[in-house]
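Asker: What follows is a structure written as structure tokens; I'll ask about it next.
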Amino acid sequence: MSETPFTPTEPRLDGLDERIIARTGTPGVVTRMLRFAPGLDTTANGTLAHDFWEEVYILDGEITDLRLGKTFVAGDYACRPPGMDHGPWRAGDAGCLTFEVRYSADTI
């Protein structure tokens with residue numbers, strides 16, 4: 001996995017990069033790591049909602065959901081159903097690294 005590079009996310013935001021670990025089909029499943037640079041604020045990307053399920057596990061660092069005013073730390077887990085609003089985010093002083101699995105409702 002370490003040979004797989006981190007690349008900028010879409011929409012692009014300096015300091016927000018992803019490493020795609022696995023991808024299958026359309027619709028399908030995407031497994032990725034998401035890396036937030038220290039202090040990164042994603043307000044420019046606004047609040048997000050997807051048409052797929054998203055499970056997130058924080059591996060390292062911390063991140064604050066600015067809309068909720070709640071900080072999540074390494075070891076925290078979230079499962080977001082399709083259409084759930086989340087973010088924008090601000091990463092902690094050490095940044096944040098997450099492990100995510102995204103999948104269509106059609107795949108479960």
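Asker: Restricting attention to the alpha-carbon atoms of the chain, what are Rg (one decimal) and Dmax (integer), both in Å?
Answerer: Here Rg and the maximum Cα pair distance are 13.3, 38 Å.
Asker: Still on this model: Between MET84 and ARG23, what length in nm is gained on full extension when 0.36 nm per residue of separation is reduced by their alpha carbon distance? All intermediate terms of the calculation are to be shown ahead of the outcome.
Answerer: Numbers: separation 61, 0.36 × 61 = 21.96 nm, distance 2.23 nm.
Working it through step by step, the gained length comes to 19.7 nm.
Asker: Of the chain, which part is the longest with no trypsin sites (Lys or Arg not before Pro) in a loop (DSSP not H, G, I, E, B) and with at most 15 other C-beta atoms within 10 angstrom?
Answerer: Values: sites that count: ARG12, ARG67.
In short, 13-66.
Asker: Under a 10 Å cutoff between Cα atoms, tell me which one of THR98, THR42, THR24 has the largest fluctuation in the Gaussian network model of the chain.
Answerer: Among THR98, THR42, THR24, the largest GNM mean-square fluctuation belongs to THR24.
Asker: Have a look at PRO11, PRO81, PRO38 and tell me which one the Gaussian network model of the chain (Cα, springs below 10 Å) gives the largest fluctuation.
Answerer: Most flexible of the set in this elastic network: PRO11.
Asker: May I ask you to sort TYR77, TYR103 by Cβ crowding, counting other Cβ atoms within 10 Å and putting the fewest first? Before the final figure, lay out each step's value.
Answerer: Numbers: TYR77 11, TYR103 18.
The order, fewest Cβ neighbours first, is TYR77, TYR103.
Asker: So for the range 7-107, averaging the separation of alpha carbon pairs under 8 Å that are six or more residues apart and normalising by length, what relative contact order in percent results?
Answerer: Working: 258 pairs, mean separation 35.4, N = 101.
Result for the range 7-107 is 35 percent.
Asker: Fully extended, how many nm does the chain gain between ARG12 and TYR77 (0.36 nm per residue separation, minus their Cα-Cα distance)?
Answerer: Additional length available on full extension: 21.0 nm.
Computed from the coordinates by the stated procedures, all read-outs in this text should not be read as laboratory data. None of these values were measured; they are calculated from a predicted model. Methodologically, a virtual Cβ is constructed for each residue, glycine included, from the backbone with ideal geometry; neighbour enumeration extends over all protein chains shown.
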